[in-house]
1. For the range A:157-194, state which trypsin sites (Lys or Arg not before Pro) are in a DSSP loop and have at most 11 other beta carbons lying within 10 Å of their beta carbon.
2. Which cross-chain or sequence-distant (5 or more) residues have an amide H under 5 Å from the amide H of A:Asp271, H modelled 1.01 Å from N in plane?
3. Over all pairs of distinct alpha carbons, what does the Kirkwood formula give as the hydrodynamic radius of chain A, in Å?
4. If you find the alpha carbon centre of the range B:132-192 and of the range A:305-383, how far apart are they in angstrom?
5. Compute the FRET efficiency between A:Arg113 and A:Ala463 as 1/(1 + (r/R0)^6), taking r as their Cβ-Cβ distance and R0 = 22 Å, and round to the nearest 0.05.
6. Do the alpha carbons of any pairs in A:Lys189/A:Lys321; A:Lys429/B:Lys319; A:Lys109/A:Lys377 sit beyond 20 Å of each other, and which pairs?
7. Pairs of Cα atoms under 8 Å, at least six residues apart: use those to get the relative contact order of the range B:129-237, whole percent.
8. Compute the semi-axes of the equivalent ellipsoid of the range B:82-338, taking the square root of 5 times each eigenvalue of the Cα gyration tensor, and list them largest first in whole Å.
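Any read-out appearing in this document is the output of simple, stated calculations on the displayed coordinates, not a laboratory observation. Remember, it's a predicted structure, so these values are computed and weren't measured experimentally. Virtual Cβ from ideal backbone geometry, glycine too; neighbours counted across all protein chains shown.
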Amino acid sequence: MLNKQGRQTTPNAGADNSGPAGGYATIGGHKGLEHEEPLIFEQGEPGRCGVDLPAPANVAERLGGLRRKGAIGLPGLSEPQVIRHFVRLSRKNYAIDMGVFPLGSCTMKHNPRLNEKLARLKGLGDLHPMQPESTVQGALALIDELAGWLKTLTGMPAVAMSPAAGAHGELCGLMSIRAALIARGDARKRILAPESAHGTNPATAAMCGYTVDPIPATADGRVDLEALRAKLGPDVAAIMLTNPNTCGLFERDIRQVADMIHSIGGFFYCDGANFNAIVGKVRPGDLGIDAMHINLHKTFSTPHGGGGPGSGPVVLSDALKDFVPLPYVIHDANGYRLVEQDESGKSFGRMKGFHGQMGMFIRALAYMLSHGGDGLKRVAEDAVLAANYVMASCDDVMSPAFAGPCMHEALFDDSFLKDTGVSTLDYAKALIDEGYHPMTVYFPLVVHGALLVEPTESESKDALDHFIMVLRGLAERAQSKQAADYFHGAPYLVPRRRLDETQAARKPVLRWKPAQDNKAAAE
Amino acid sequence: MRYLGQTAADRQAMLAKIGVADIDALFKDVPADALNAAIELPDHRGELEVERHIGALAARNLSPADAPCFLGAGAYRHHIPAAADHLIQRSEFLTSYTPYQPEIAQGTLQYLFEFQSQVALITGMDVANASLYDGATACGEAVLMAQRATRRQKAVLSGGLHPHYRGVVETLMRQTDQPYLAAPMDAEGNEDLAALIDEQTACVVVQNPSLFGHVRDLRPLAKACQAKGVLLIVAVSEVVSLGLITPPGEMGADIVVAEGQSLGVPLSFGGPYVGLFAAKEKFLRQMPGRLCGETVDQDGKRGFVLTLSAREQHIRREKATSNICTNSGLCALAFTIHLSLLGEAGFTRLAEINHAKAVELAGKLDGLKGIKLVNGSFFNEFTLALPKPAAGVVEALAKKGILGGVPASRLWPGEKAAEHLLLVSATEMNTEHDMSALRSALEEVL
Ligand SMILES: Cc1ncc(COP(=O)(O)O)c(C=O)c1O
């Protein structure tokens, strides 16, 4: 049966997720453990409430006459209703705790529960950010200790703790570079970045007023040094280079890159999203970089939480170490101090409320303490080993984009799907039915139909072997002409099948509206 | 090492499959002298040791659970329902990623849709995004958006705007040499921002209630903005106030940014929090950050996807409306769960309780030993003018085990007029006993 997009709604030989059970559709719409769940707005009653609050004291109101007049329109639910709602929603998600989550560039590793417990400790999780310094010495010590680990692991002299995520770290790094250039009386205009760069790199450069000049890659997936040389000039503020790069490869000419950019008085910003491949084993500071953000939510395992929060501290070289955001922690004879006002005249100012993502700092430090220096080195080794193992186990039926060895990610292009009628997207969607989250697809942009697999060190060999069996099986299945329809229709065994993104963008419905509004809109 | 699953035998087998002799062969592209650098760090530890280590750091802090706490200034101590903290720790929420594969992320996508709906409702705006990092960065993004939408440059910043919000805006403006006009500190809540608007003005940013607690009718300012094609950005640093106060949207705001921490998110020494961002529909395509939208799947069933991503960095790169990628998803979930538990009745009542507590506390302190209440209006936070510099008073109170408020001088350093001002907030967490303790402690230290 074909639906209106010409896609098969049931697989030739697969199970049917939408159809009848033993000849009947379910009466109520649920399917076994899988529940259909309406919006909270569709199940509330005005009279219900999921919390008990005492009546407020009777006081003379002091709202300046601005008390809200009408109702807000929030639904009322009891606690069991709320719990059931969110538990049912949770069951429609894939998660690392369920299986391999090989989403390249995202480092979906195990999230230890110890770290959740520690982030909630009394005296940490409940601290107010504006408490007097004397009452938060332990918190400031914790930030300082984490900073120490980050400096030691990267071999860099300073670290800015404010940034809230990787992209925010990029912003911090570029603002630091800009401040250093301005201090020299030389603001400059241009940032060089490889074509394979993550989208946040050019977007960040633009926020700082820079134009972005792309550098092409060589046939083996690294920065083309000759092309880079040709782009150098006195107006170049910095190069933004990811290392290991977004193709999962180590930039083996990294020191030449550093020398080249330094020779024209520019700075080397390293995107450290892929630090997991070298943590504990290689110090970026030994390679000539000036600034690098570290996604604590990648390498140091603070949970991604369905899209955040994260944390993106930025390590800085001697040349940049004074050009930092506010605030920062220092240690002197009187203990720890939180410096909230610029004392050196060199800070570029504030980039976030309060003092950084403390909840993530606690988790990241617990992760580091648990692993120790020895364990972190093993993290890098096992992550790289796992990616190379996937690559070596699939290279005869899939198509590695570049010759190995790779770092912690195995990158394939879509040439193994050539003439099959199956696209990278179809292949990824078929993985979903097999119980896996797909790899990152169509990134990096420099590789046609890219499939970027990052297994991480968290996976046992058994788990990898099963995953490899599926990768291979699907690659082989794609070769049989009859299978194209099956791939086009995938996934089948999910709460929702492929979603109509065109409709979502063409007629945006971005919120629930009360019924009368909907009617009014329709008229 | 409890988190690592490869045995020595596994590793050997994997290396053999790869066809290399040892692990370092896989690192052959690293300059040889940089590989296996000696990194001096302690060895791995068990759970118990790590718990002891971090527990000892926690023990060196004064927990607000052990001290009457009246601190606010953009972060507020509220009760978090047990259900909220439990639900956000479910594996399927905690350990999932940004919902790039909607078929297996409907849970995240549906709560984001609910979050966006709640934010739009409480702010009185048409649309909201799926969160930004925090209130301060949301404020920065709002100014950048106003510049894009108006094709003008100048931002006018209220003297009642939280200095952290103001600081973020200023930092961003400096990167591209954009002009901004930061009004002088407005502790009294009577500045005239309309007078500062001119032909170059892109936006006016005003906080309500202001940093000093004043609740203002923004309608006259909104009118003045509208007349000159200027966008009115309203920042809300205490989102519980929206349970009781006329929403910014109803007063004519074009963009509303808020700190969502007060609902479901622990204080955690300042982060992670959750930035709320809402706007009028006509600015939809200028908005920063992710948006979740409703659609149908291949079988015609309702479902949700990330949408309008042609605004975002991964598609638009240097032309994107923002560089944001990772946002504050799990905090947005905590917000949504807490607000779902509260519902209309609970949210309103929570706000009423907060206001009543603050009115009560202000009554207890105004006039005591030369203390003067600065505010005519306030929600759950107000400003006191003390007979002595507030920073010293706060230290003295801390020595007595009371977290008595935020000295304005910490936020407006060097500003003479700030020296004696103390910001004091009261929430449902403050008991009668807390308030009496603050009163008697102030009596002693003043
Ligand atoms: C290579 C690279 N750079 C930067 C980022 C942005 O980091 P964040 O999402 O933490 O802002 C990412 C995240 O996906 C990335 O993979």
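1. Taking the range A:157-194 and a limit of 11 other Cβ atoms within 10 Å, the loop trypsin sites (Lys or Arg not before Pro) found are A:Arg184.
2. HN-HN under 5 Å from A:Asp271: A:Leu241, A:Thr242, A:Asn243.
3. Mean inverse Cα-Cα distance, inverted, gives 26.0 Å.
4. 26
5. On the way: r = 19 Å, r/R0 = 0.87.
For R0 = 22 Å, the calculated efficiency reads 0.70.
6. On the way: A:Lys189/A:Lys321 22 Å; A:Lys429/B:Lys319 30 Å; A:Lys109/A:Lys377 15 Å.
In this structure, A:Lys189/A:Lys321; A:Lys429/B:Lys319 exceed 20 Å between Cα atoms.
7. This gives 32 percent for the range B:129-237.
8. On the way: eigenvalues 189, 82, 52 Å².
Largest first, the range B:82-338 gives 31, 20, 16 Å.
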